[in-house]
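Enquirer: Take a look at the following structure, please.
Read-outs: derived from the displayed coordinates by stated rules, not from any lab. Because the structure is a prediction, the values reported are computed rather than measured. Every residue, glycine as well, gets a Cβ built from its backbone with ideal geometry; the counts of neighbours run over all protein chains shown.
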Amino acid sequence: MRVRSTAGGTALAVGLLAALARAEGPVAPDPWERLPGILAGVRAPDFPHRDFPVTAFGAVGDGATDATAAFRSAIDACHRGGGGRVVVPPGVFLTGAIHLRSNVDLHVSEGATIRFRRDPAAYLPVVLTRWEGVELMNYSPLVYAYGETNVAVTGRGTLDGQADAEHWWPWKRIGHPQSQKPDRDRLFAEAEAGVPVAERVYGAGHYLRPQFIEPYRCTNVLVEGVTITNAPMWVIHPVLSRNVVVRGVRVVSAGPNNDGCDPESSTDVLIEDALFDTGDDCIAIKSGRNADGRRLAAPSERVVVRGCRMRAGHGGVTIGSEVSGSVRDVFVERCEMTSPDLERGIRVKTNAVRGGTIENVFVRDVEIGEAGSAIDVDMLYEEGAAGAFTPVVRNVVIDRLTVRKAAYAFFIRGLEASPVRGLTVRDSAFRGVAKGSRLEHVEDIVLRNVTLEPVQ
């Protein structure tokens, strides 16, 4: 069945769902049979059983003594010694940027807090990073690694970025003396003009916030167990990396653009048993923005999200909006999402300036307690259809989705030139739906055993 430019309230949505439920074609092969093979290729790194306590290199856990040099010395010694754990014992350790090296596990013990300095100068000199999908030379992420193998941040302790209404977050505000907008506009213009990355230099005197944890072009990455809070911007941001495991973390960070975990142009990624309570998307899978994303042409693929809990945020599991390099083969299962401040559950966002292809997205056994839209696919995000790079969204299959309360069951806006194609929803129930569904430019929807109940 094809649906074009259909919108309306609950009554229309119920009738539409009933009609679509009869529009099923032949049974396709089960994509979940691929999951064991994908997971077999995602393994957390192992580290030698050697410990390098930061206190042995001069760090003092009093919350006031700068431990930046001690962290650097401990990491270098661990790396030169063949690898192991750089251990942060109980206490509060104040530091600037931490740069990981191969075969180093930064282990934050229970009762330990790494508290990051608020002075932007603590994140200089600039490093190669990616900011909203565009490469540049900018402030170092708070925890950074470039081109390393076997790196980790583990433990039961806390990483506190110390961002707040007076530090880092005001850079987001238009009209603020330190607003990021002029630098953001300049960076995007430079990327479209093909300015070499080495000449896109920001940092001191500029206002593009650093990410929190960013492994860049790394292999075998683990972030496990830690609590991360008060981030300047995106929290866990693997870029152009391979074999990434994010497990058992707690991300509680309500600032602007405080996405929880954003794998970007990364492959073989597992995000599991984590809690996200954020000021933006809980998880957002990305692959670069506009011309810069097309220049690198590096998709995110084979991304698995399972057993996670999502609270506040713009989206629970999101793909986009920086997807110019495409995203494929995403598996989401056994997640629970709920908050009056969760705007969307399963979310795809793109437009005709981003371009890219989003395909083969498989979701099963997800519970949404309360959200704005349960299933949200928006190809008119921001610039909408006003671009020369028509995106493609196809083959999204959702099984056993349970929704207790939502404004919309489906909020789907495709493009006339590129409808959303191949959306399948099976064995799912949408209850407490206030506004029904909105469907524009959608083709080949299949619903089987799907119920929608309006709010009582």
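Enquirer: Please specify each residue of segment 166-204 satisfying the condition of being of a type in the set (D, E, K, R) and in contact with a Lys or Arg (Cβ under 7 Å, 6 or more places away or on another chain).
Expert: Passing the criteria: only Glu190.
Enquirer: Related question: Please identify the pairs in which a residue from segment 206-222 that is in a strand (DSSP E or B) has its Cβ atom under 7 Å from the Cβ atom of a residue that is charged (D, E, K, R), counting only partners at least 6 apart or on another chain.
Expert: Close Cβ pairs (under 7 Å, with a partner that is charged (D, E, K, R)) amount to Thr219/Arg242.
Enquirer: Okay, moving on. Hey, could you check segment 335-349 for residues that are closer than 13 Å to Gly372 by Cβ and of a type in the set (Val, Ile, Thr) and say which is surrounded by the most Cβ atoms within 10 Å (Cβ to Cβ)?
Expert: Checked segment 335-349; the qualifying residue surrounded by the most Cβ atoms within 10 Å (Cβ to Cβ) is Ile346.
Enquirer: So Ile75 fits all but one of (1) in a strand (DSSP E or B); (2) closer than 18 Å to Gly155 by Cβ; what number is the exception?
Expert: Of (1) in a strand (DSSP E or B); (2) closer than 18 Å to Gly155 by Cβ, only one is false for Ile75: (1).
Enquirer: Further, regarding this structure: Just checking, how many residues over segment 423-448 are crowded, with 18+ Cβ neighbours inside 10 Å, over 22 Å from Glu383 (Cβ atoms) and either among the aliphatic types (A, V, I, L, M) or under 25 Å from the mean Cα position of the chain (by Cα) (or both)?
Expert: Here the count works out to 7.
Enquirer: Still on this structure: Say we look at segment 287-317 and pick out the residues that are outside any loop (DSSP other than H, G, I, E, B) and of a type in the set (Gly, Ala, Ser); which of these is surrounded by the fewest Cβ atoms within 10 Å (Cβ to Cβ)?
Expert: Ala291
Enquirer: Please verify whether Tyr146 is surrounded by 21 or more Cβ atoms within 10 Å (Cβ to Cβ) and among the hydroxyl-bearing types (Ser, Thr, Tyr), treating the condition exactly as stated.
Expert: So Tyr146 fails the test.
Enquirer: Tell me, please, whether a residue that is hydroxyl-bearing (Ser, Thr, Tyr), surrounded by 22 or more Cβ atoms within 10 Å (Cβ to Cβ) and not in a loop (DSSP other than H, G, I, E, B) can be found in segment 244-253.
Expert: yes
Enquirer: On to the next question. Counting only residues that are among the aliphatic types (A, V, I, L, M), give me the strands (runs of 3 or more DSSP E) lying completely in segment 84-139 with at least 3 of them.
Expert: 84-88, 104-108, 134-138
Enquirer: Taking segment 361-407 as the region of interest, how many residues are assigned to a strand (DSSP E or B), over 17 Å from Ser437 (Cβ atoms), more than 19 Å from the chain's Cα centre (by Cα) and not charged (D, E, K, R)?
Expert: So the answer is 3.
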